[in-house]
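The values are calculated or read from the model by the stated rules, or taken from the named source; none is laboratory data. Nothing here was measured: the structure is a model prediction, and the numbers come from that model. Glycine also receives a Cβ, built like all others from the backbone with ideal geometry; neighbour counts cover every protein chain displayed. Accessible surface is based on the protein model in full, side chains and every heavy atom, while ligands, DNA and RNA are left aside. Shrake-Rupley method; radii C 1.70, N 1.55, O 1.52, S 1.80 Å.
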Amino acid sequence: MLTAAYCSAVYLSGSDKAEKNVSESLLNQARAGDAQAQLAAGFAFFKQGNPVRAVYWFHAAAAQDLAEAQYNLGRCYLDGYGVAKNHHQAMEYLQKAAAKGIQPAKLLLARLMLSGIAANPDHKPPLPAVQPDEKGALKLLEELAACGSAQAYLLHAGHLIKKSSPANHD
């Protein structure tokens, strides 16, 4: 059985067949607009430790509605990899990937939904706070748990324990 952690590692690190160096033919396909080639180029640049070029190609493939690229771009925004950290952008891309069934996106999205997102007044235009959405997050976690995601079980249980702790009843 595949876990969300395994899926997350596969999506962000690429397949075992991904080459360390980006071939010219792959780049030509990516430049020609092939979304799968753009995703593969993003993986290759990720493996090379070139975050700006990885994000460039993930963005190109995500713009063509490729779910794996949307997930990867969401992760980049969440972690500040190759772009400024932006949880609002991360949530947007993770929502798109989650809607297409990408389980690691659903897990990350549930985490963001449980915690909410602080306002970002320095962004142009300013971004408002996103309030926690416990109901939406728990729905995603229950869906993932039904598919056997151990991480979803842990996150769900941790949330319920935190919610029922005496410190939260004052």
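Using just the helices of the chain, give the 222 nm mean residue ellipticity in deg cm²/dmol: DSSP H runs with n ≥ 4 each add -39,500 (n - 2.57), and the total is spread over all residues, rounded to 500. My calculation for the chain gives -20500 deg cm²/dmol from helical runs alone. Peptide packing for 57-67, 135-145 was compared via the average number of neighbouring C-beta atoms within 10 Å per residue; ordered from the highest value, the list is 57-67, 135-145.
Shown for the chain: the carbon plus sulfur share of the solvent-accessible area, taken with all protein chains present and a 1.4 angstrom probe, equals 57%.
Whole-Hz Karplus values for the stretch 61-71 come out as 6, 5, 5, 9, 6, 7, 4, 4, 5, 4, 4 Hz, taken residue by residue from phi with 6.51 cos²θ - 1.76 cosθ + 1.60 and θ = phi - 60°; glycine and proline positions read x.
Assuming charge only on the beta carbon of Lys and Arg (+1) and of Asp and Glu (-1), the dipole of the chain about its Cα centre is about 120 debye to the nearest 20. Taking 7 Å steps out from each Cα toward its Cβ at Lys139 and Glu92 produces label points 2.2 nm apart. Using bins of 10 Å that start at zero, the share of Cα-Cα pairs per bin across the chain amounts to 11, 34, 32, 17, 4, 1, 0, in whole %.
In this structure, Asp79 and Ile161 have a Cβ-Cβ separation that, at R0 = 35 Å, corresponds to a calculated FRET efficiency of about 0.85.
Ligands, DNA and RNA are left out, and with a 1.4 angstrom probe the accessible area of the chain is 55 Å² per residue.
Between Lys100 and Leu27, the contour length at 0.36 nm per residue exceeds the alpha carbon distance by 23.7 nm. Site pair Lys124 and Ala150 shows an inter-label distance of 4.8 nm when each label is modelled 7 Å from Cα along Cα→Cβ.
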